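**Q** This is the structure I want to talk about, given as C-alpha cells.
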Amino acid sequence: MTRAQFRKKDRSESIQILSERIAHNIRVTIETIKHCKEVKIKHYRISCKLLPLLTDPTLNIQLEELPNYENIVSLLSEVGRTAQFLDISLSIHPDQFVVLGSNKDNVCENSIRELNFHSWVLDMCGMPQDYTCPINIHPSLSNFESPEKFIDKLMRNFFQCDQGVKKRLVFENEDKGFWNCSNLYEYFHNYMKHAYNFAFPLTFDNLHNQANPSLDSDGNETSMSSWFIKFYQTWPSEPVFHWSEAAEGTVRNHARKLTIPPQDFGLDVTWEIEVKDKDKGFEHLLNKR
C-alpha cells in the first residue's frame with residue numbers, strides 16, 4: 001500500500017485496509033518460512049515492506065490505531081516461533097533511503113526511526129538482539145567533506161538508535177561510489193576501531209565488488225578472496241553475505257539465476273542469493289551443485 005493509495009480514501013477506511021494487508025503480509029511470511037524448510041533453504045530475508053507506511057512521518061499512523069493490532073503482534077510472534085522451530089535464520093534489509101550519515105538532518109531522523117521500527121519487528125518476532133539476525137544497510141553517501149566526518153556523524157546517529165539496532169546493524173559494500181570493499185573496511189573497521197573502539201560487521205556482496213572494485217597501490221584490482229576473508233573476520237558469528245551475478249549486458253543488474261554456486265573459500269557463510277527468479281533460481285542452483 002502506497003502513500004498515494006492511503007490518501008485516496010477516508011483515513012479510517014485506509015487504516016482498516018492497511019491493517020488487513022499487514023496481517024496478510026505476515027501470514028504469507030509464515031507460510032514462506034515453512035516453504036523454505038521444505039526446499040532446504042536455511043535463511044530468509046524478511047521484506048522491509050512487511051508493515052508498510054507505519055514509519056511514514058507524513059501519515060503519522062500509530063501501530064495501536066490498527067483495528068487488529070493485537071492479532072498483528074501475535075502473528076509476528078508466530079513468525080519467530082516458526083523460524084526458530086524450523087531452524088531458519090532471519091535478517092532484514094531496509095531501503096536505501098536509510099542513511100545514518102546523511103547531510104540532511106531530517107533524513108538522519110527518519111533513518112533512526114526506520115531502523116528502530118525494523119528492530120522492533122524483529123523483537124516482536126522474538127529474534128535475538130545480535131548479529132545472527134542482522135539488519136543490513138548501505139552507507140549510501142559519497143558526497144561528504146571527508147570520510148572521517150561522515151563516520152563521526154553516522155556514529156552520533158547510531159548511538160541514538162535503540163539497543164536492538166546497535167546489536168544487529170551491519171554495513172555492505174556498494175556497487176558504485178566511494179564505499180567499495182577497501183574504503184568500507186578502512187573506515188567502518190580500522191578507523192572506527194581506532195576512534196570508537198567499535199567496528200561493524202561487514203557484509204560482502206560479490207556483485208557490488210565486481211561493479212565497484214578495490215584497487216591496490218599499482219591500480220590493479222585486488223582479489224575477491226582477500227575481501228571475502230577480511231569481511232568474514234569482522235563477524236563474531238557466521239556471516240550473512242550476498243551473492244549474485246550480473247544480468248547479461250549489464251554491470252549491476254541482478255541476473256535471473258546463477259550459472260555457478262557462491263564461492264565460500266572453505267568457510268561457513270549464510271548466503272542471501274539475490275536473483276530475480278527466486279524459487280526457480282534456487283532450484284537451478286541446487287541442480288548445479
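**Q** Among the residues of region 265-283, count how many are free of Cβ contacts under 8 Å to residues at least 12 places away in the same chain and open to solvent by less than 90 Å² (accessible area, probe 1.4 Å).
**A** Let us first name the residues in region 265-283 that are free of Cβ contacts under 8 Å to residues at least 12 places away in the same chain, namely 266, 278.
Still in the running and open to solvent by less than 90 Å² (accessible area, probe 1.4 Å): 266.
Matching residues across region 265-283 total 1.
**Q** Looking only at residues that are open to solvent by 30 Å² or more (accessible area, probe 1.4 Å) and part of a helix (DSSP H, G or I) in region 117-152, which one is farthest from Leu53 (Cα to Cα)?
**A** Glu148
**Q** Restricting attention to region 215-244, which residues are modelled with pLDDT under 95 and in a loop (DSSP other than H, G, I, E, B)?
**A** Asp216, Ser217, Asp218, Gly219, Asn220, Thr222, Ser223
**Q** Could you say which residue among Leu50, Leu75 is outside any helix (DSSP H, G or I) and open to solvent by less than 80 Å² (accessible area, probe 1.4 Å)?
**A** Values: Leu75 fails: outside any helix (DSSP H, G or I).
Exactly one of Leu50, Leu75 is outside any helix (DSSP H, G or I) and open to solvent by less than 80 Å² (accessible area, probe 1.4 Å), namely Leu50.
**Q** State all residues of region 6-32 that are farther than 18 Å from Leu76 by Cα and not small (Gly, Ala, Ser); if no residue qualifies, say none. Don't jump to the end; show me each part of the working.
**A** Taking region 6-32 and keeping what is farther than 18 Å from Leu76 by Cα, we get 6-17.
Hits for region 6-32 are Phe6, Arg7, Lys8, Lys9, Asp10, Arg11, Glu13, Ile15, Gln16, Ile17.
**Q** For region 180-212, which positions are in contact with a Phe, Trp or Tyr (Cβ under 7 Å, 6 or more places away or on another chain), among the hydrophobic types (A, V, I, L, M, F, W, C) and more than 17 Å from Ile273 (Cβ to Cβ)?
**A** Correct list: Cys181, Leu184, Phe188, Met192, Ala199, Phe200, Leu202.
**Q** Can you pull out every residue in region 82-99 that is loosely packed, with under 14 Cβ neighbours inside 10 Å and either part of a helix (DSSP H, G or I) or of a type in the set (Lys, Arg) (or both)?
**A** Within region 82-99, just Phe85 meets the criteria.
**Q** Which one of Glu70, Glu13 is among the acidic types (Asp, Glu), farther than 30 Å from Thr132 by Cβ and either over 21 Å from the mean Cα position of the chain (by Cα) or surrounded by 15 or more Cβ atoms within 10 Å (Cβ to Cβ) (or both)? Write out each step before concluding.
**A** On the way: Glu70 fails: farther than 30 Å from Thr132 by Cβ.
Selected residue: Glu13, the only one of Glu70, Glu13 that is among the acidic types (Asp, Glu), farther than 30 Å from Thr132 by Cβ and either over 21 Å from the mean Cα position of the chain (by Cα) or surrounded by 15 or more Cβ atoms within 10 Å (Cβ to Cβ) (or both).
**Q** Cβ-Cβ under 8 Å, sequence separation 6+ or interchain: first residue in region 250-261 and within 10 Å of Ile273 (Cβ to Cβ), partner exposed (fewer than 14 other Cβ atoms within 10 Å of the Cβ) and modelled with pLDDT of 95 or more. Which pairs?
**A** Listed by first residue and then by second, the contacts come to nothing, as the list is empty.
The values are calculated or read from the model by the stated rules, or taken from the named source; none is laboratory data. All figures in this text were calculated on a predicted structure; none of them were measured in a lab. No Cβ is skipped: glycine too gets one built from the backbone with ideal geometry, and neighbour counts run over all protein chains shown. Just so you know, the surface numbers come from the protein's heavy atoms only, side chains and all, with ligands and any DNA or RNA stripped out. Shrake-Rupley method; radii C 1.70, N 1.55, O 1.52, S 1.80 Å.
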